[in-house]
Structure formats: C-alpha cells, structure tokens
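**Q** Below are the structure tokens for one structure; questions will follow.
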Amino acid sequence: TAMYAAKRSAAGGFLFFEPAMHERALQALSLQSDLRDAVRQGDFTICYQPIFDTHTRAVTGVEALIRWTHVERGPVPPDVFIPIAERMGLIGTIDRWVRESAIAQLLVWQQQFPALKIRLNVNVSALNLRDQSFLTNLEAIAQTSGFDLSDLQIEITEGLLLADSPATERLLVAMRKRGVKIALDDFGTGFSSLSYIDRYPIDTIKIDRTFVTRMLLQTRTMSILRNVISLAKDLDLDVVAEGVENEAQYEALAAMGCSHVQGYLFCKPLPAPALAAVLACPVMPLAPAAVRTNPSP
Ligand code: C2E
Ligand code: MG
Ligand code: MG
Ligand code: MG
C-alpha cells in the first residue's frame, strides 16, 4: 500500500519504512517462530563485558550478555528478542541456558587464572523470579559443579512485574542468604527505582546508560547522578555506571565517587576466548588520567 515505502535489502528481503510501532509488530511476529527454533537448536552465544573498579582499575566482574545471530537477518539485539521471549514463555529456558553456560565459563576461567577474583553477572527477567525454583536450580548447579554462589550476581531489570510481589521478595531474601548478590539494572529508567532499593535486598545499583550519555550535556543529569551515587554510598551499595564511552564521562564519574564502571571506553562485550586475553591482564586497558599527565611527544 501507499503507507509502505519498500525497498530490496542486500539480503534479498524487504525493508519497510513505516510507523515504528507497526514495524515492531511485524518484526515480532516473524521472529516468533524463528526464536522458538533458535531455542530448540541452541542458536545463541554469550559475550562477556568486564566491569572495573573505578579506584583500583581492576576487573571485578563480567556481565554475560546473550547474542543471537539469525541466519538471514544477522545479529538480532537482545532488546528486540528478549521481550518477545518473555511474551512467548521462552525466557525461563533462555535465561537458564545463559546462566548455566556462563557459570561453566567462569569455572574454566577460575582454573585458568587462579589469582582472578571476579564475579559473574547474569541478567534475569523478573518473570523468572516469581517462585523459589530459580534458587533450587542455582543450588543444584552449585552442588554438581562446585560453583560458589557468592561469585554470582543477578541483574534484575526493573519492570512492572517486579513491583509488589511478596514471592519475589522472599526469593531475593533467600538467595542473598545463600550468598548470591543482587543488582538493580537500568536504574532510574523505571517507575519505582527508589521503592525497590527500599524494599528489596539490593547489593548493587547499575545506573542506566542514558544518564551517562546525557551527564555532560545537562547539568541536571549531573545532579541526579551525583545524588544517586551519594545515596548508594550512604546505603553501602556498589554503583556501576553503564555505557561509559569517553574519558570525560569516566573522569566525571570517578570524581563523583562512582565505585564501578562498564562501557565501550574500556571494553566491549567479547566472546569468551577474546575476554580471556583481558582476564590475563585484568586492569583497565585505558588509564585516562595517566595518559593526560604523560602527554605523548
Ligand atoms: P543491560 O543488562 O543493561 O546491558 C547493557 C547493555 O549495554 C548491553 O547491550 C551492552 O552491550 C551495552 N553496552 C555496554 N557498554 C556500552 C557502551 O559503552 N555504549 C553502548 N552504546 N552500549 C553499551 P546488549 O548486549 O545489547 O543487551 C541489551 C539488554 O538485553 C541488556 O541490557 C539486558 O537487559 C538484556 N539482556 C542481555 N542478555 C540477557 C540475558 O541473558 N537474559 C535477559 N533476561 N536479558 C538479557
Ligand atoms: Mg545487565
Ligand atoms: Mg542496564
Ligand atoms: Mg538494559
């Protein structure tokens, strides 16, 4: 119809330029059956992105991030397929596969680098945190593999589903008793960030990338960040700034006392073999302050 301006894509399919919502709906529809196949066939991989201590510059953790490369479309971002997986009831299987694979990978790294002290961060859909089976599964993994549950941190993205759930609250408390750490992901983007840190046993706040992107452009964003960081310090929580892309952002965050940083400036998410090279020398690859005080000739 006239609504659509279609053109042939390089891959031979059609690219539609149309209202964004409609496009998303179409895309979701055609992705559904492919996603089911991908889950059945195990077509996913995992990339790992290091998290650094701002002060010591050491790697203190790695975040496992799922990757799906579609045979025709190429890479499909998790922001696109995770919500579809949630609607289709596939997210339990997907998240379980990620955490089992990532735990196996961390065990390998711990053998390979005995001096390494890092935590594994995995993202978990709030849908998977509604009953105790999540913890039962983790305890089974720990039992059979020898994995130490205190080396694990789950990252929960706040959503409406997390709100007001006594079952989730019970689960989080039980997990924390077993040593599992809990991070609130994308902090500041949801409706109830403050009530979550009041109510749930949180160890870490992950400040959403959108704040980091805006901080040097808007003084009010800077104020928000400064106060969130000071709140975290007051509550004795770790605070990770996500999406740090340049030195100016890093230095401003460090000056505000942000305890941890993660972002392309330091390292992109990498497949396990490439990340092993980072873990072999687990310090910040860039040292912005040092670079500035020792100008090159
Ligand atoms: P997230 O957990 O907030 O992860 C951070 C996202 O920011 C990742 O996107 C990462 O690649 C990206 N990122 C890191 N540093 C930078 C930077 O400096 N600049 C920019 N522009 N981006 C940066 P990714 O891998 O596309 O994942 C998107 C989201 O998908 C994640 O956001 C998380 O909510 C979700 N996700 C990823 N893997 C899983 C999974 O295994 N299970 C679940 N349930 N969700 C997942
Ligand atoms: Mg995350
Ligand atoms: Mg995040
Ligand atoms: Mg996110």
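The values are calculated or read from the model by the stated rules, or taken from the named source; none is laboratory data. All values reported here derive from a predicted model rather than from experimental measurement. Positions of Cβ are generated from backbone atoms using ideal geometry, with glycine treated the same way; all protein chains shown enter the neighbour counts. Ligands, DNA and RNA are stripped out before the accessible areas are found, and what is left, the full protein with its side chains, is counted by its heavy atoms. Shrake-Rupley method; radii C 1.70, N 1.55, O 1.52, S 1.80 Å.
**Q** Among 26, 194, 184, which one moves the most in a GNM of the chain with springs linking Cα atoms closer than 10 Å?
**A** Ranking 26, 194, 184 by mean-square fluctuation puts 26 first.
**Q** Based on the Cβ-Cβ distance from residue 178 to residue 235, what FRET efficiency comes out when R0 is 25 Å, to the nearest 0.05?
**A** 0.70
**Q** Further question on the same structure: For the chain, what % of the accessible area comes from carbon and sulfur atoms, probe 1.4 Å?
**A** Roughly 56 percent, rounded to a whole number.
**Q** While we're here: If you take the square roots of the eigenvalues of the alpha-carbon gyration tensor of the chain and sort them as a ≥ b ≥ c, do you get rounded (a/c under 1.5), prolate (a/b over b/c) or oblate?
**A** rounded
**Q** To check you understand DSSP bridge types, tell me what percent of the beta bridges within the chain (both residues inside) are antiparallel, rounded to 5.
**A** Taking every DSSP beta bridge within the chain, about 50 percent pair in antiparallel fashion.
**Q** Additional query: Any chance you could tell me what percent of the C-alpha pair distances in the range 182-236 go past 14 Å?
**A** 53
**Q** If you don't mind, another one. Relative to the present Cα-Cα distance, how much length would full extension add between residue 67 and residue 245 at 0.36 nm per residue of separation?
**A** The residue 67-residue 245 span can extend by a further 62.0 nm.
**Q** Less than 28 Å apart at the alpha-carbon level, and either on another chain or at least 8 residues along: which lysines does that give for residue 233?
**A** Cross-link targets: 117, 177, 181, 206, 268.
**Q** Sticking with this structure for a sec: Quick one: accessible area per residue over the range 25-94, 1.4 Å probe, rounded to a whole number of Å²?
**A** Using a 1.4 Å probe on heavy atoms only, each residue of the range 25-94 averages 49 Å².
**Q** If a paramagnetic tag sat 7 Å from the Cα of residue 189 along the Cα-Cβ line, which residues of the range 142-158 would have the backbone N under 15 Å from that point?
**A** So the set is 155-158.
**Q** Can I ask one more? As an exercise, use a Förster radius of 30 Å and the Cβ-Cβ distance of residue 150 and residue 222 to find the FRET efficiency, rounded to the nearest 0.05.
**A** Taking R0 as 30 Å, the efficiency between residue 150 and residue 222 is 0.30.
**Q** To continue, here is another question. Determine, from the Cβ-Cβ distance of residue 169 and residue 140 and an R0 of 22 Å, the FRET efficiency 1/(1 + (r/R0)^6), rounded to the nearest 0.05.
**A** So, using R0 = 22 Å, E works out to roughly 0.45.
**Q** Among 167, 25, 232, determine the one that fluctuates most according to a GNM of the chain built with springs between C-alpha atoms less than 10 Å apart.
**A** In the Gaussian network model the winner is 25.
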